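Below is one structure; the comments refer to it alone.
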Amino acid sequence: MNAPRIVITHPVPMEVIELLSGTCHVTLDRSGGPSWPDEMLQQLVAARAIMMCRKDLAINEAFLSRCPHLQVIAATFEDPGNIDIEACTRKGVWVTTVPEETYALPFGRNHALRAAMEAAANIIEALSGALPKGAINRPVRTRGRRAAGVSQRH
């Protein structure tokens, strides 16, 4: 069986990549540009998960139509204003955030590591068919079946 592809939109601590690489094929966007680079868009066609580490990249209906296998978008931040939650819900894509207590930490490596590890845990839960703890929406369909109720972990 092929490992699910995960796209990470910004460099993250190596511990996060190691955790995800145990069960997934990880692709890291190192471009840092203001839009999705063409080579990354090609990777997203097969992606089942995106770890969103950048608020300047938009995810909307048009973007989602290019990602037919996408199951979860795990944000490493609390307010996913750049993600069209309603479009994700209609397309059956979970959207998750990290717990509020993550933001009590001072910004720096520990904050980035904790936020990315929380997002990675949300990805692993969603891809395994479990209810991701950081879920903020209720997808119409998840893996071909009705989704259960969702509550935030916050």
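The values are calculated or read from the model by the stated rules, or taken from the named source; none is laboratory data. These figures come from a predicted structure and were not determined experimentally. Because the Cβ atoms are built from the backbone with ideal geometry, glycine has one as well, and the counts that use them run over all protein chains shown.
Based on what the data block shows, is N82 surrounded by fewer than 15 Cβ atoms within 10 Å (Cβ to Cβ), polar (S, T, N, Q) and closer than 17 Å to N137 by Cβ? No. Of everything listed in (1) farther than 17 Å from E125 by Cβ; (2) among the hydrophobic types (A, V, I, L, M, F, W, C); (3) under 16 Å from the mean Cα position of the chain (by Cα); (4) modelled with pLDDT of 90 or more, the single unmet condition for M52 is (1).
Just to be sure I understand, how many residues within the range 15-44 are in a loop (DSSP other than H, G, I, E, B), of a type outside the set (D, E, K, R), more than 18 Å from I123 (Cβ to Cβ) and touching a residue at least 12 places away in the same chain (Cβ under 8 Å)? Spell out how you get there, then give the answer.
The initial filter retains those residues of the range 15-44 that are in a loop (DSSP other than H, G, I, E, B), namely 22-24, 29-37.
From the residues that got through so far, the ones that are of a type outside the set (D, E, K, R) too are 22-24, 31-37.
Next cut, more than 18 Å from I123 (Cβ to Cβ) only: 31-37.
This time we only want the ones that are touching a residue at least 12 places away in the same chain (Cβ under 8 Å), so: 32, 34-36.
Summing the residues that are in a loop (DSSP other than H, G, I, E, B), of a type outside the set (D, E, K, R), more than 18 Å from I123 (Cβ to Cβ) and touching a residue at least 12 places away in the same chain (Cβ under 8 Å) in the range 15-44 gives 4.
The residue list A58, A115, A87 contains one member that is modelled with pLDDT of 85 or more and surrounded by 20 or more Cβ atoms within 10 Å (Cβ to Cβ), which is A115.
Answer with yes or no whether M14 is under 27 Å from P99 (Cβ atoms) and more than 13 Å from the chain's Cα centre (by Cα). So M14 fits the description; yes. Annotation note: Cβ proximity below 6 Å between a residue of the range 90-116 that is of a type in the set (D, E, K, R) and a residue that is modelled with pLDDT under 85 and not in a strand (DSSP E or B) (sequence gap 6+ or interchain) occurs for R90/V140; E100/H154; R114/T102. With respect to (1) loosely packed, with under 15 Cβ neighbours inside 10 Å; (2) under 22 Å from V16 (Cα atoms); (3) among the small types (G, A, S), the lone exception for A47 is condition (1).
Determine, yes or no, whether M14 is modelled with pLDDT under 90 and over 17 Å from A75 (Cα atoms). Lay out the reasoning, then the answer.
Values: modelled with pLDDT under 90: no; over 17 Å from A75 (Cα atoms): yes.
Considered against the rule, which asks whether it is modelled with pLDDT under 90 and over 17 Å from A75 (Cα atoms), M14 comes out as no.
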